[in-house]
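The values are calculated or read from the model by the stated rules, or taken from the named source; none is laboratory data. Remember, it's a predicted structure, so these values are computed and weren't measured experimentally. Neighbour counts are summed over all protein chains in view; Cβ atoms, including those assigned to glycine, are modelled from backbone coordinates with ideal geometry. Surface areas here come from the heavy atoms of the whole protein model, side chains and all, with no ligands, DNA or RNA. Shrake-Rupley method; radii C 1.70, N 1.55, O 1.52, S 1.80 Å.
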Amino acid sequence: MKTIIPALRKQHKLSQEELALAVGVTRQTITSIEIGKYTASLPLAYKIARYFGKTIEEVFDFSDLEQV
């Protein structure tokens, strides 16, 4: 899943570690989400989006998921 987390972190001058601490996960989790190796759970996606003052849809690109 594509995400704009790296751009948001850069805009807010945050490291992966700082974002991870803010949302209660490890730096490795943030790295995995950013490179598309891991899809954030809904609660985590919500925390990340809220941290940046955005909606989940603004932070995560769901267009590559199958339509139901």
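With each run of n ≥ 4 DSSP H residues scored as -39500 (n - 2.57), what mean residue ellipticity at 222 nm is computed for the chain after dividing by its residue count and rounding to the nearest 500 deg cm²/dmol? Don't skip to the end; give the middle numbers.
Details: 5 runs with 38 residues, N = 68.
Rounded to the nearest 500, it is -14500 deg cm²/dmol.
Considering only protein heavy atoms and a 1.4 Å probe, what is the carbon-and-sulfur percentage of the accessible area of the chain?
54
Could you tell me the relative contact order of the chain? Use alpha-carbon pairs under 8 Å, at least six residues apart, and round to a whole percent.
40
Give the calculated FRET efficiency between TYR51 and LYS2 to the nearest 0.05, with a Förster radius of 25 Å applied to their Cβ-Cβ distance.
With a Förster radius of 25 Å, E is 0.85.
How many times 2.2 N^0.38 Å is the alpha carbon radius of gyration of the range 23-68?
1.15
Excluding ligands, DNA and RNA, what is the solvent-accessible area per residue of the chain at a probe of 1.4 Å, expressed in Å²?
Dividing the accessible area of the chain by its residue count gives 69 Å².
Loop only per DSSP, at most 15 neighbouring Cβ atoms within 10 Å: give me the GluC sites (Glu not before Pro) in the range 19-68, ordered by residue number.
In loop regions of the range 19-68 (DSSP not H, G, I, E or B), the sparsely surrounded GluC sites (Glu not before Pro) are GLU66.
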